[in-house]
Amino acid sequence: MAKMTIEDKLGLNKFNTNELNSHIDVDKEYLDKQEVERVCRACPAGLYKLDAEGKLSFDHLGCLECGTCRVLSGGKVVKGWHYPQSGYGISFRMG
Amino acid sequence: MAEDRFDAIIVGGGLAGIAAAYRLAQEGLEVLVVERGNTCGSKNMTGGRLYTHTLEKLIPDLLQRAPLERRIVKERFSLLTPSSGTTIEVDSAKLGGLYANSYSVLRAPFDRWLADEAEAAGVMFVCGVLVDDLIIRDGRVCGIIAGEEEMEADVVILAEGVNAQLAQKAGLREELQPDQVEVGAKEVLSLDQAVLEDRFHLAPGEGIAWIIRGEDAFGPGANGFLYTNKDTISLGVVTEIGKIPSAQHSMVELVDLLKEHPVVAPLIAGSKTVEYSAHLLPCGQGAILPRLCGDGVLLAGDAAGLAINLGYVVRGMDLAVESGLLCAETVLKCHETGDFSRDALSSYETAIQNSFIPRDMERCGSYAAQLGNKALYDDPAKLIDVLTAVMQG
Ligand SMILES: Cc1cc2nc3c(=O)[nH]c(=O)nc-3n(C[C@H](O)[C@H](O)[C@H](O)COP(=O)(O)OP(=O)(O)OC[C@H]3O[C@@H](n4cnc5c(N)ncnc54)[C@H](O)[C@@H]3O)c2cc1C
Ligand code: SF4
């Protein structure tokens with residue numbers, strides 16, 4: 001069994017994504033690098049990424065709507081967190 | 001006042017919300033459930049084991065009709081090190097009492113079925129709609145706001161789950177802290193039914209609940225679970241959010257480490273991942289909030305902090321159903337008098353205190369101390385009794 005990447009796993013899920021609006025507002029310039037790393041490690045969908053230069057990127061597509069990043073870093077790296085607008089986001093077929 | 005005023009509006013069509021609505025509709029009240037998922041269950045995940053005692057009160061022939069996956073007849077508890085592990089298994093002979101009936105479930109099909117039942121009993125559902133805010137006048141919750149829509153009711157039941165943001169708006173709870181919640185990430189793996197039954201030594205319809213203590217293998221606070229469904233396996237990791245930063249592995253890595261562990265890998269060999277999900281759950285023994293109601297508003301289920309999660313015991317679904325039913329009983333009483341003030345609704349808090357919920361939360365909390373008592377391990381019969389109690393939750 002070839003090892004699946006997190007992108008492979010998310011690819012199996014059913015999403016109805018709002019391409020334009022992110023339901024999570026991330027401070028990509030947040031200065032405390034340790035805090036940023038915490039969030040990167042905690043997101044179960046691996047959506048917070050640091051590149052080689054230490055720059056943070058975030059992609060709301062693939063969000064599992066768990067709330068981990070908000071609880072961990074609300075008011076810091078995570079400036080705003082809402083559930084996706086009505087009708088959007090993940091739809092579990094199993095759950 | 002608009003004609004579309006309801007007796008009760010329930011935010012969240014999970015187990016707590018549907019149970020409350022169902023019970024109210026049985027007594028002829030006009031109730032509306034607003035659920036943000038496009039169908040009930042489509043935003044929900046769980047580990048897997050539903051103790052059916054509370055839902056059976058609502059639906060006496062539940063076991064014959066509900067989309068339950070497998071009846072749990074075996075319990076396993078494993079302690080893992082990075083390269084090996086030890087497993088204790090207890091089987092059906094020891095299972096009994098109030099909690100004798102437990103089944104593995106998948107929330108998307110299960111909640112959807114339950115919602116259909118409730119709808120047939122007269123509950124109105126609006127799905128695919130996120131409730132953004134509450135209508136609050138002079139400190140009293142009067143209804144809900146969803147986009148441009150406003151709807152009013154005598155009482156609003158917040159059954160919105162663990163990320164209880166509306167309960168915060170109602171002033172009934174604070175934002176969650178990293179040491180109060182865990183995050184669970186789970187894969188559903190499909191496996192041929194005959195192969196699955198063979199591997200876990202199960203007869204058709206029988207299932208296993210398997211709790212995995214992974215702290216020594218994967219780092220502080222990381223535990224695993226496995227539940228067998230009809231032709232899938234629910235496998236996942238649960239970790240305290242506050243501990244992730246100091247742990248060796250990211251959440252994404254932990255799931256793979258569990259899958260690759262020599263104790264787990266042979267059992268899932270040849271399976272195919274069909275879904276990946278994540279969800280928060282309250283941690284520890286849980287703490288019932290000091291206030292479960294305000295003027296015109298009640299909290300139920302995870303939103304009220306009613307769950308037990310001690311790594312080796314995770315129970316929230318039967319508690320959610322019970323709290324939903326108790327909410328309904330209180331609303332029925334208040335419906336008679338027309339008084340939905342906090343004072344009138346507080347009979348719900350008393351009902352929760354008198355229910356099995358706080359007793360079980362405390363009992364499960366005491367297992368940690370019992371398991372830590374070295375003398376227990378010199379008395380195998382007692383040890384089996386304690387482990388059975390622990391595994392049964
Ligand atoms: C990994 C994991 C393993 C678990 N294992 C077990 C187990 O084996 N056994 C067990 O008994 N329990 C288990 N639990 C706990 C159990 O899943 C929960 O306690 C239970 O689901 C709580 O039910 P609820 O109805 O309170 O909330 P939920 O099931 O979360 O339902 C809340 C509902 O509200 C909706 N909602 C939220 N906000 C809004 C809004 N603003 N507008 C409209 N709709 C909204 C959601 O979409 C959802 O449908 C586990 C939990 C996790 C995360
Ligand atoms: S809500 Fe969960 S899945 Fe979504 S970005 Fe935050 S941590 Fe990741």
(message) Can you compute 3J(HN,Hα) from phi for each residue in region B:174-190, using the Karplus curve 6.51 cos²θ - 1.76 cosθ + 1.60 with θ = phi - 60°, rounded to whole Hz and x for Gly and Pro?
(response) 9, 4, 5, 9, x, 8, 9, 9, 10, 10, x, 10, 9, 10, 9, 10, 8
(message) Taking a virtual spin label 7 Å from the Cα of B:Thr87 along the C-beta vector, which residues in region B:263-304 bring their backbone nitrogen under 17 Å of it?
(response) B:263-271
(message) Starting from the 7 Å offset along Cα-to-Cβ, what nm value, one decimal, do you get for the label separation of A:Asn18 and B:Ala375?
(response) 6.0
(request) Pick out which of B:Val321, B:Val126, B:Val11 has the largest mean-square fluctuation in a Gaussian network model of chain B, springs linking Cα atoms closer than 10 Å. (result) B:Val126
(request) Arrange the following residues from fewest to most other Cβ atoms within 10 Å of their Cβ: B:Leu280, B:Leu114. (result) B:Leu280, B:Leu114
(request) Would you order B:Asp198, B:Asp256 from fewest to most other beta-carbon atoms within 10 Å of each residue's own beta-carbon? (result) B:Asp198, B:Asp256
(request) Between B:Arg65 and B:Glu329, take the C-beta separation as r, use R0 = 22 Å, and let me know the FRET efficiency to the nearest 0.05. (result) 0.35
(request) In whole angstrom, note down how far apart the Cα centers of region B:237-255 and region B:140-182 are. (result) 28
(request) Would you mind getting me the FRET efficiency between B:Ala100 and B:Lys272? Use the beta-carbon distance for r and R0 = 35 Å, nearest 0.05. (result) 0.60
(request) Report the calculated FRET efficiency for B:Glu149 and B:Glu336 (r = Cβ-Cβ distance, R0 = 30 Å), to the nearest 0.05. (result) 0.55
(message) Let me check I've understood the local charge: for B:Arg342, count other residues with C-beta under 11 angstrom from its C-beta, Lys and Arg +1, Asp and Glu -1. What total comes out?
(response) -2
(message) Please compute the modelled spin-label separation between A:Ala2 and B:Asp216, points set 7 Å along Cα→Cβ, answer in nm with one decimal.
(response) 3.7
(message) Please enumerate, by chain and number, the lysines with C-alpha under 22 Å from the C-alpha of B:Lys243, excluding those fewer than 8 residues away in the same chain.
(response) A:Lys33, A:Lys49, A:Lys76, A:Lys79, B:Lys186, B:Lys259
(request) Going by C-beta contacts inside 10 Å, put B:Asp302, B:Asp179 in order with the fewest on the left. (result) B:Asp179, B:Asp302
(request) Summarise the long-distance tail of P(r) for chain B by giving the % of C-alpha pairs beyond 40 Å. (result) 15
(message) Using only the Cα atoms of the protein assembly as shown, what are the Rg and Dmax in Å?
(response) 21.9, 69
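Only the coordinates and a few stated rules stand behind these numbers; no lab work does. Everything numeric here is computed off the predicted structure, so don't read it as measured data. Neighbour counts run over all protein chains shown; Cβ positions are idealised from the backbone, glycine included.
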